[in-house]
1. Can you tell me which residues in the stretch 80-115 are closer than 15 Å to residue 137 by Cβ, out of contact with any helix residue (DSSP H, G or I) (no Cβ under 7 Å at 6 or more places or on another chain) and open to solvent by 50 Å² or more (accessible area, probe 1.4 Å)?
2. Consider residue 204 against the criteria (1) of a type in the set (D, E, K, R); (2) out of contact with any Leu (no Cβ under 8 Å at 6 or more places or on another chain); (3) at pLDDT 95 or above: it satisfies all of them except one. Which criterion is unmet?
3. Which is in contact with a strand residue (DSSP E or B) (Cβ under 6 Å, 6 or more places away or on another chain), open to solvent by 10 Å² or more (accessible area, probe 1.4 Å) and either closer than 22 Å to residue 23 by Cβ or modelled with pLDDT of 95 or more (or both), of 77, 123, 152, 138?
4. Among the residues that make up the stretch 34-54, is at least one of them in contact with a strand residue (DSSP E or B) (Cβ under 6 Å, 6 or more places away or on another chain) and touching a residue at least 60 places away in the same chain (Cβ under 8 Å)?
5. Can you pull out every residue in the stretch 126-135 that is open to solvent by 10 Å² or more (accessible area, probe 1.4 Å) and either within 16 Å of ligand 2 (Cβ to nearest atom) or acidic (Asp, Glu) (or both)?
6. If I filter the stretch 71-105 down to residues being of a type in the set (Phe, Trp, Tyr) and assigned to a helix (DSSP H, G or I), which single residue comes out as nearest to residue 26 (Cα to Cα)?
7. Taking only pairs six or more apart or across chains, which ones have beta-carbon atoms under 7 Å, a first residue in the stretch 137-157 that is under 18 Å from residue 172 (Cβ atoms) and within 16 Å of ligand 2 (Cβ to nearest atom), and a second residue that is modelled with pLDDT of 95 or more and among the basic types (Lys, Arg)?
8. Search the stretch 184-212 for residues being of a type in the set (Lys, Arg) and exposed (fewer than 12 other Cβ atoms within 10 Å of the Cβ), and hand back the single one that is farthest from residue 144 (Cα to Cα).
Amino acid sequence: MVQVQTFVFNPFSENTYLLHDETGEAIIIDPGCYDRAEVNELAAYIEEHGLKPVQIVNTHAHIDHVLGVAALKRKYGIPFVLHKLDEPLLRAVKSYASNYGFSTFEEPEIDSFIREGETIEFGNTSLKILFVPGHAPGHVAFVNDADRFVIGGDVLFRMSIGRTDLPGGDHGTLLKSIREQMFTLPDDYTVYAGHMEPTNIGFEKRNNPFFK
Ligand SMILES: [Zn+2]
Ligand SMILES: [Zn+2]
């Protein structure tokens, strides 16, 4: 059984997810923790529950999702993985970070690339990787069939979808990703999004204004 722990970090109110299972192994998805207090909040949870983080995995590389990567890589000595098509977005962050007030942003190294069709493994848990571009060119989502959820990043929100006005964004591509990837998941799958509260696939198929 996977426990999905949500932390809301940085001024963008970004959802950072810590997934752990009965083995105590954990992965950190989209760490947006910026200052020491936020990094400590995540670390305190990890320590309290006796967890062993094994990997940092990102849905995409916008600034609000990568602010904590370098600090956590250093703290836990764990690899950071990303889809190759989002590497340019990661490399661009340092050029605009100070415009958003993140003057001390540290660019993390990528340890390996992940690809659609592969899986992310930790403990007894396996996550399937879906390729869902549109909000970002190398955006991926992580599906867990055993516990029926998807970590969707900034693709599909409750009653909304990700913005596509940033570099590398494309509205038509995003709609296609949602229709052909997210909406082929079963209706009862919970969607943990990059911002705001969780939703589920069936609710969005019926109610999301972009798909009516
Ligand atoms: Zn984003
Ligand atoms: Zn975001």
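The values are calculated or read from the model by the stated rules, or taken from the named source; none is laboratory data. This one's a predicted model, so the numbers in the text were calculated from it and none came from an experiment. So basically every Cβ, Gly included, is an ideal-geometry build from the backbone, and we count neighbours across all protein chains shown. Just so you know, the surface numbers come from the protein's heavy atoms only, side chains and all, with ligands and any DNA or RNA stripped out. Shrake-Rupley method; radii C 1.70, N 1.55, O 1.52, S 1.80 Å.
1. Listed by number, the residues that qualify are 84, 85, 88, 91, 115.
2. All conditions are met except number (2).
3. 123
4. The answer is yes; a qualifying residue exists.
5. 133
6. As a first pass, look at the stretch 71-105 and keep what is of a type in the set (Phe, Trp, Tyr): 76, 80, 96, 100, 102, 105.
With the extra rule that they be assigned to a helix (DSSP H, G or I), the set shrinks to 76, 96, 100.
Numbers: 76: 11, 96: 31, 100: 30 Å.
This residue is 76.
7. 138/84
8. Among them, the one singled out is 212.
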